[in-house]
1. Which is within 14 Å of Gly14 (Cβ to Cβ) and of a type outside the set (D, E, K, R), of Gly53, Gly49, Gly38?
2. Is there any pair linking a residue in segment 44-57 that is in contact (Cβ under 8 Å) with a residue 12 or more places away in the chain to one that is among the small types (Gly, Ala, Ser) and surrounded by fewer than 12 Cβ atoms within 10 Å (Cβ to Cβ), with Cβ under 9 Å and at least six apart or on different chains, and which?
3. Within segment 4-16, does at least one residue satisfy the condition of being among the polar types (S, T, N, Q), part of a helix (DSSP H, G or I) and in contact (Cβ under 8 Å) with a residue 12 or more places away in the chain?
4. Tell me, which residue of segment 34-63 that is open to solvent by 40 Å² or more (accessible area, probe 1.4 Å), among the β-branched types (Val, Ile, Thr) and out of contact with any His (no Cβ under 7 Å at 6 or more places or on another chain) is farthest from Val78 (Cα to Cα)?
5. Regarding Ile31, is this residue open to solvent by 70 Å² or more (accessible area, probe 1.4 Å), more than 21 Å from Val78 (Cα to Cα) and either in a helix (DSSP H, G or I) or in contact (Cβ under 8 Å) with a residue 40 or more places away in the chain (or both)?
6. Restricting the search to segment 34-78, which residues are part of a loop (DSSP other than H, G, I, E, B), within 25 Å of Trp7 (Cβ to Cβ) and touching a helix residue (DSSP H, G or I) at 6+ places or on another chain (Cβ under 9 Å)?
7. Filter segment 7-20 down to the residues that are of a type in the set (Phe, Trp, Tyr) and either exposed (fewer than 12 other Cβ atoms within 10 Å of the Cβ) or at pLDDT below 85 (or both) and list them by number.
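The values are calculated or read from the model by the stated rules, or taken from the named source; none is laboratory data. All values derive from a computational prediction rather than experimental measurement. Heads up, the Cβs are rebuilt from the backbone with ideal geometry, glycines too, and the neighbour counts pull from every protein chain shown. Surface areas here come from the heavy atoms of the whole protein model, side chains and all, with no ligands, DNA or RNA. Shrake-Rupley method; radii C 1.70, N 1.55, O 1.52, S 1.80 Å.
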Amino acid sequence: MEETIFWGIWGMLGVIMFSYYLRRKHPIRSIVVGTGSGLLALLLVHYGGSFIGYVPALNLLHILQSMILGVPGVIFMVVLHYVI
């Protein structure tokens, strides 16, 4: 049951972000910039994370999170690591 809720939340976040990108003036450019900046932020935290004490693994979940939510998703990942 938890897995269904987990993937349901990710699905809803994906739909929300996709609808946000479609309402922009240049939707394709917004999608590319949003996903690219999220992946770049994840790579920066992965390779430079020793300075902040957290090095996230490059797995499917983290990559999807950074692609769907962008830079705020990576920031949320780091903050959540220290809160939990």
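1. Values: Gly53 fails: within 14 Å of Gly14 (Cβ to Cβ); Gly49 fails: within 14 Å of Gly14 (Cβ to Cβ).
The match here is Gly38.
2. His46/Ala57
3. Restricting attention to segment 4-16, the residues satisfying the condition of being among the polar types (S, T, N, Q) are 4.
Checking the rest, the ones that are also part of a helix (DSSP H, G or I) come to 4.
Subset that is in contact (Cβ under 8 Å) with a residue 12 or more places away in the chain: none.
Scanning segment 4-16, I find no residue that is among the polar types (S, T, N, Q), part of a helix (DSSP H, G or I) and in contact (Cβ under 8 Å) with a residue 12 or more places away in the chain, so the answer is no.
4. Ile63
5. Numbers: open to solvent by 70 Å² or more (accessible area, probe 1.4 Å): no; more than 21 Å from Val78 (Cα to Cα): yes; either in a helix (DSSP H, G or I) or in contact (Cβ under 8 Å) with a residue 40 or more places away in the chain (or both): yes.
Answer is no for this residue.
6. At the first step, the residues of segment 34-78 found to be part of a loop (DSSP other than H, G, I, E, B) are 52-59, 70.
The next check asks that each one be within 25 Å of Trp7 (Cβ to Cβ); those that pass are 54, 56-59, 70.
Scanning segment 34-78 gives Tyr54, Pro56, Ala57, Leu58, Gly70.
7. Residues of segment 7-20 that are of a type in the set (Phe, Trp, Tyr), as a first pass: 7, 10, 18, 20.
Hits for segment 7-20 are Trp7, Trp10, Phe18.
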